[in-house]
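The values are calculated or read from the model by the stated rules, or taken from the named source; none is laboratory data. Given the structure is predicted, the values throughout are model-derived calculations rather than measurements. Reconstructed Cβ throughout: ideal geometry from the backbone, glycine too, with neighbour counts over all protein chains shown. Keep in mind that these areas ignore ligands, DNA and RNA; they rest on the heavy atoms of the full protein, side chains included. Shrake-Rupley method; radii C 1.70, N 1.55, O 1.52, S 1.80 Å.
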Amino acid sequence: MSNPLKARWAISALTILGLSPLLSGSCAAADSWPSRPVHFIVTLGPGSGVDIGARLLADKLSARWGQPVIVENRPGGDGMVAITGFLGARDDHTLLMSPVSSFTAHPYFHDKLPYDPRDLIPIARVSKTVVAVSVPTSLNVNSLKELEALARAKPGQLNWTTATGFTDFVFAGYLHAVGLKMAKVPYKNPAGAAADLAAGVIQVYMPAYAIVRPQAEAGAVKVLAVTNRERAPAIPDVPTAVEAGYPSLEFDGLVGLFGAPGIADDVRAKIADDVRTVASDPEIVKRMTATGQIVSPGNAAEFAASIAQQREQVAAVAKLFGNKPVQ
């Protein structure tokens with residue numbers, strides 16, 4: 001990674017996350033926002049847990065705001081298609097709804113980014129995606145301890161994959177922490193990796209639970225643990241990684257709303273308050289839980305603090321590998 005990029009990421013987390021004073025003079029005040037349709041740009045495709053959550057929120061917020069809330073899916077490019085499109089709009093009525101993992105590892109995979117990470121202004125945490133450490137049932141492994149024992153008995157013979165650059169770093173950090181050797185197999189298609197996992201082509205996959213849920217419910221895949229800090233309501237009998245004895249695997253799949261530079265602080269506060277209100281609707285909680293998410297609304301400061309913690313985590317793991325992508 002180039003020195004200028006390292007310098008840019010040495011800026012304090014609070015500045016990076018947009019908590020510095022904002023230029024809000026040209027933005028609508030909270031009491032008149034929204035004055036026209038609002039757009040949610042989503043980094044993932046239709047049918048993903050984040051997409052479903054975005055549409056559930058959009059429906060409720062539209063009724064609350066008296067304006068249409070339109071969800072636009074722009075998957076691809078490691079999240080950059082959506083991010084650059086969102087920032088290019090330069091509009092306080094266009095928001096980004098994304099997993100934080102869509103971009104936290106970008107500085108370690110790209111020497112030059114087509115956007116400035118400081119321009120992603122946290123507005124509201126919405127949920128936490130359940131991330132599942134999964135193996136094929138045919139592997140006859142029923143816990144992380146058993147997986148570790150098998151990997152030690154067969155060094156370099158098991159392989160693994162994850163769904164994003166961020167989770168690559170987390171899993172690689174876990175392997176480093178416990179001294180295991182497994183081969184990484186890259187996938188562009190998360191669903192294809194799930195099919196290969198069920199078939200035993202790959203031995204470990206750590207994606208959003210929603211991706212492997214069909215195979216898990218069919219009995220072809222076993223979820224050994226979730227990385228989240230709390231157990232997932234969708235699979236309450238599955239332990240967290242910490243409960244299983246592997247704290248290096250702990251992280252929450254944060255999902256939230258971002259605004260572009262210039263969005264007024266009072267508008268951010270209004271959106272966060274309204275998200276918290278609509279996210280408490282029992283029907284939304286039920287439906288988002290079913291997609292493998294944990295509803296966990298938070299304001300801009302809470303969301304920013306959570307993002308900063310994840311940035312520190314990925315930076316620490318990246319340092320183990322010389323600030324380079326995991327190979």
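Among the protein heavy atoms, those of Phe258 account for about 0 Å² of accessible surface (1.4 Å probe, every chain in place). Across the chain, the mean sequence separation of Cα contacts (distance under 8 Å, 6 or more residues apart), normalised by length, yields a relative contact order of 27 percent. For a straight C-alpha distance cut-off of 18 angstrom, the lysines reachable from Lys286 (same-chain residues fewer than eight places away being disregarded) are Lys60, Lys128. Considering the range 220-286, its Cα convex hull presents a mean projected area of 7.1 nm². Accessible area per residue for the range 149-230 is 40 Å², calculated with a 1.4 Å probe on protein heavy atoms, without ligands, DNA or RNA. Solvent exposure of the range 237-310, expressed per residue, is 36 Å² of accessible area, with all protein chains present and a 1.4 angstrom probe.
Using the Kirkwood radius over Cα pairs, work out the Stokes-Einstein diffusion coefficient for the chain at 37 °C and 0.692 mPa s, in µm²/s as a whole number. Please list the in-between numbers first.
Values: Rh = 20.2 Å.
Stokes-Einstein gives a translational diffusion coefficient of 163 µm²/s.
Listed peptides 178-187, 37-46 appear in the order 37-46, 178-187 once ranked by packing, highest mean of other Cβ atoms within 10 Å at the front. The aspartates and glutamates whose alpha-carbon is closer than 17 Å to the alpha-carbon of Lys181, local same-chain residues fewer than 8 away aside, are Glu146, Glu148, Asp168.
Split the accessible area of the range 199-297 by element, probe 1.4 Å, and carbon with sulfur accounts for 53%. Modelled spin-label separation between Ala63 and Glu312, with each label point placed 7 Å from Cα along the Cα-to-Cβ direction: 4.0 nm. Here the Kirkwood formula, the inverse mean of 1/r across different C-alpha pairs, assigns the range 29-119 a hydrodynamic radius of 13.9 Å.
Rolling a 1.4 Å probe over the protein heavy atoms of the range 35-176, with every protein chain left in place, gives an accessible area that is 49 percent carbon and sulfur. Looking at the chain only, what percent of DSSP beta bridges run antiparallel? Nearest 5 please. DSSP beta bridges in the chain are roughly 60 percent antiparallel.
Normalising the Debye intensity of the range 82-152 to I(0), with uniform scatterers on Cα atoms only, and taking log10 at q = 0.12, 0.14, 0.19 Å⁻¹ returns -0.56, -0.66, -0.85.
The residue list Ala172, Val126, Leu96 was ranked by how far each Cα lies along the charge dipole of the range 88-208 toward its positive end, using unit charges on Cβ atoms, and Ala172 comes out on top. Evaluated with a Cβ-only charge set (Lys, Arg +1; Asp, Glu -1), the chain carries a dipole of roughly 680 debye about its Cα centre, given to the nearest 20. In the range 183-236, Cα pairs under 8 Å separated by at least six residues give a relative contact order of 26 percent. Near Gln293, the amide H atoms lying under 5 Å from its own belong to Val130; only residues 5 or more places off or on other chains count, and H is placed 1.01 Å from N.
From helices alone, the chain scores -12000 deg cm²/dmol at 222 nm; the rule is -39500 (n - 2.57) for each run of n ≥ 4 DSSP H residues, then divide by the residue total. Spin-label point model (7 Å from Cα, Cβ direction): what's the His176 to His110 distance in nm? My value for the distance between the label points is 2.3 nm. Note on Lys184: lysines with a C-alpha under 21 Å away, same-chain residues under 8 apart excluded, are Lys145, Lys154, Lys222, Lys319, Lys324. Seen through its C-alpha gyration tensor, with square-root eigenvalues sorted a ≥ b ≥ c, the range 155-226 comes out prolate because a/c lies at 1.5 or above while a/b is bigger than b/c.
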